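Asker: Mind having a look at this structure? Questions to follow.
The values are calculated or read from the model by the stated rules, or taken from the named source; none is laboratory data. This structure is a prediction, so every number in the text was calculated from the model and none was measured. Using ideal geometry, Cβ is built from the backbone for each residue, glycine included, and neighbour counts are taken over all protein chains shown.
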Amino acid sequence: MSETDTDADTAGAATCSRRDCRAPATWALVWNNPKVHTPDRRKTWLACDEHRDYLSEFLDVRGFLLERVPFSEFEG
């Protein structure tokens with residue numbers, strides 16, 4: 001398989017939001033910054049198993065994290 005074929009195959013794949021991580025997303029972290037967003041606005045970061053806790057903690061200590069949902073169940 002050529003590099004172009006590989007890029008095309010993974011271009012639409014959901015990957016972890018952690019900087020420099022290209023692992024497949026297994027979690028959706030739903031969050032909202034109440035100072036910036038209306039209460040009904042939902043933002044989403046994706047996380048792999050390795051970075052789920054790190055990204056969740058980053059959002060939670062700021063009071064932004066609303067929920068963690070397995071990516072396979074996420075309907076956002």
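Asker: Just checking, does region 46-66 include any residue being modelled with pLDDT under 95, outside any loop (DSSP other than H, G, I, E, B) and out of contact with any helix residue (DSSP H, G or I) (no Cβ under 7 Å at 6 or more places or on another chain)? Before you say what the answer is, go through the steps one by one.
Answerer: From region 46-66, those modelled with pLDDT under 95 are none; that's our starting set.
No, region 46-66 contains no residue that is modelled with pLDDT under 95, outside any loop (DSSP other than H, G, I, E, B) and out of contact with any helix residue (DSSP H, G or I) (no Cβ under 7 Å at 6 or more places or on another chain).
Asker: Would you point out the residue of region 55-68, among those that are loosely packed, with under 12 Cβ neighbours inside 10 Å and within 14 Å of the chain's Cα centre (by Cα), that is nearest to residue 12 (Cα to Cα)?
Answerer: The extreme case among them is 67.
Asker: Taking only region 53-73 into account, find how many residues are farther than 13 Å from residue 31 by Cβ and of a type outside the set (D, E, K, R).
Answerer: Count: 4.
Asker: Residue 13: of a type outside the set (Ser, Thr, Tyr) and modelled with pLDDT of 95 or more, yes or no? Walk me through it before giving the result.
Answerer: Working: of a type outside the set (Ser, Thr, Tyr): yes; modelled with pLDDT of 95 or more: no.
In short, no.
Asker: Could you please give the count of residues in region 15-29 that are surrounded by fewer than 17 Cβ atoms within 10 Å (Cβ to Cβ) and either in contact with a Gly (Cβ under 8 Å, 6 or more places away or on another chain) or basic (Lys, Arg) (or both)?
Answerer: Selection size over region 15-29: 2.
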